[in-house]
Amino acid sequence: MQIKELLQETKTIAVVGLSDKPDRPSYGVSKYMQAKGFRIVPVNPMCQEILGETCYPDLKSIPFPVDMVNVFRKSEDCLEIAHEAVKIGARSLWLQLGVINPEALAYAKNHGLEAVMDLCLMVEHRRLGL
């Protein structure tokens, strides 16, 4: 599947590591995607609410399906996140620009998820003119 198709099929994005600080990349990217009509689901155990949405401490605590898991965490945290993404039935795993974990990418792909690594969701959305 191409990135354009992936983005067109995505409606709900769980953002692991979403910060409540407006100067952080995770906040800016998520705010942009929210403004473009995507439902953003913050995953951050330190916050109650971000961008007007209820925060969840981890992926398994989200009480509804998500299409994409977008990761703003250290690369070494990604394999565990990939395992959780598979367990909750996410359709894709997106490792943000600078987040590089080939093992997590392979795990996600081997379990039927579309997977992207080391690209910015917002940059790709803009580039494709969606």
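Going through segment 38-60 one residue at a time, which ones are exposed (fewer than 12 other Cβ atoms within 10 Å of the Cβ) and either closer than 20 Å to Gly89 by Cβ or small (Gly, Ala, Ser) (or both)? Give the steps one after another, and end with the answer.
Just the residues of segment 38-60 that are exposed (fewer than 12 other Cβ atoms within 10 Å of the Cβ), to begin with: 45-46, 48-49, 52, 60.
Scanning segment 38-60 gives Gly52, Lys60.
For Glu84, the conditions (1) touching an Asp or Glu at 6+ places or on another chain (Cβ under 9 Å); (2) without any contact (Cβ under 8 Å) to a residue 24 or more places away in the chain all hold with the exception of (2). Number of residues in segment 1-37 that are surrounded by 18 or more Cβ atoms within 10 Å (Cβ to Cβ) and more than 17 Å from Arg127 (Cα to Cα): the value is 9.
Taking every residue in segment 1-21 that is without any contact (Cβ under 8 Å) to a residue 24 or more places away in the chain and pairing it with any residue that is among the acidic types (Asp, Glu), at least 6 positions away or on another chain, the pairs with Cβ-Cβ distances below 9 Å are Glu5/Glu114.
Close contacts from segment 34-46, counting a first residue that is within 9 Å of Tyr56 (Cα to Cα) and a second that is of a type in the set (Gly, Ala, Ser) and in a helix (DSSP H, G or I), with Cβ to Cβ under 8 Å and a gap of 6+ residues or different chains, come to Pro42/Ser30. Of all residue pairs spaced 6 or more apart or on separate chains, those with beta-carbon atoms under 7 Å, a first member in segment 49-69 that is more than 13 Å from Val15 (Cβ to Cβ) and a second member that is part of a loop (DSSP other than H, G, I, E, B) and of a type in the set (Gly, Ala, Ser) are Pro65/Gly89.
Every read-out reported here was derived from the displayed coordinates using simple, explicitly stated rules and does not represent laboratory data. Since the model is a prediction, treat every value here as computed from it, not as a measurement. Every residue, glycine among them, receives a Cβ derived from its backbone with ideal geometry; neighbour counts consider all protein chains shown.
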